[in-house]
Structure formats: structure tokens, C-alpha cells
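Input: a single structure, listed below in C-alpha cells.
Read-outs: derived from the displayed coordinates by stated rules, not from any lab. Keep in mind that this is a model prediction, so the values were computed, not measured. Every residue, glycine as well, gets a Cβ built from its backbone with ideal geometry; the counts of neighbours run over all protein chains shown.
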Amino acid sequence: MTSPPTAPSADAAPSSSADDRAHLTLLAEISRAHFLDQKSKVQIAQEHDISRFQVAALVQEARDRGIVRITIAVPSDGRDQETAQSLGIAELISVEPADTPRGAEALARELAASVAEHAAGQTAVGISWSRIIQAMAPHLPDLSDSVVVQLAGAIASPDSTEAVPPAAEHAARQADASPVGAAGGR
């Protein structure tokens, strides 16, 4: 059995990275049991000698930290493919309305996944500008063997009048790739 998790006291010294790793492993283990193995919180609590309330808190912490990510997807009805064909484009990504915070985040994640899929083994990735590109950048995988080329435009931060790095530079920095474009290039 795993030792019950304890909340650090105010006087406690900072935890070691081994303690942090053990806690992250516990979060993943409990979440797998709950979501994948369909065990009840009571069952998991008995197995780990903790309360069901602690199990609930650990599951929520796993979600908050991104260890557990839940995706709900409506099966495709084929309209995306029909629309893509009628527009003469290879791929169409549709998510819930992007004018909502959740929709914009969903679009940013889907776009990052598409870039990752298509950029695998490529040497250049061309992007235009938009707030979605800015939101996509943190979700990009390592593209260190790629060059990100900005095709047009720059992004202005929504909460300031100062310009933030151009889209290609921002995306390249997030993906550990080399930027080329309006910001000065290589």
C-alpha cells in the first residue's frame, strides 16, 4: 500500500524532487484507477489507506496539474471533409466556437496537434499571424530540427499596446525551433 499523502505544514522544509516525483506518481496512479479502471473512490481509498475525500482531492489535483486531461469529442459526420474538399484544402479543423475561451483553447490545441503531425521530419513550417497562433505556441512539441517561417503579420498582445514577438518567433521559441521572418531571421 502507498503511504497516505500528507499536507506539508507551514514549518516544513521544501520537499525534495524525489518527494515531488512520488506525489506525481501517486496522482497518476490514483487517476488511472479512477478513470481507466473504473474503481470507486471508496475502493481506491481502501487500497491506499486514505479517505475517499483525499482520493477526490488527489483526482482534482491531477486534473488541475494536467496529469488528467479529459477530451469530449463529437464523432465526425463527414461535413468537415466535404467542406475541405469544396474549398480545395487538404485538412479542416473544427471545434466548438472559437469566440469562447474554451473554444479558442480547443482550437489552439487542435492546431498544435496538426502542426506536430505535419511538421514531423520537415525542415520548414510556415505560419501566418493570429491570436490562435499565439495561443497555439505553448502546446507545440519540440520542433528543434525545424525552421518556423512567418508568412505575414504580427501579433499584438490583447492586454497591452506593446507588440509581442511576431508569431513565428513566438511559436519557434515555444517549440525550441529556429525562427525566420520579420523579426530578423537567422
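Here are the numbers for this structure:
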item: Contour minus Cα-Cα distance for residue 21 and residue 42 (0.36 nm per residue); result: 5.1 nm
item: Long-range HN-HN contacts of residue 148 with modeled amide H, under 5 Å; result: 125, 178, 180
item: Residue 84 versus residue 56: modelled label distance in nm, points set 7 Å from Cα along the beta carbon direction; result: 4.3 nm
item: Under the Karplus curve 6.51 cos²θ - 1.76 cosθ + 1.60, θ = phi - 60°, whole-Hz ³J(HN,Hα) for region 101-113, x wherever Gly or Pro sits; result: x, 5, x, 5, 5, 4, 5, 4, 5, 5, 5, 4, 5
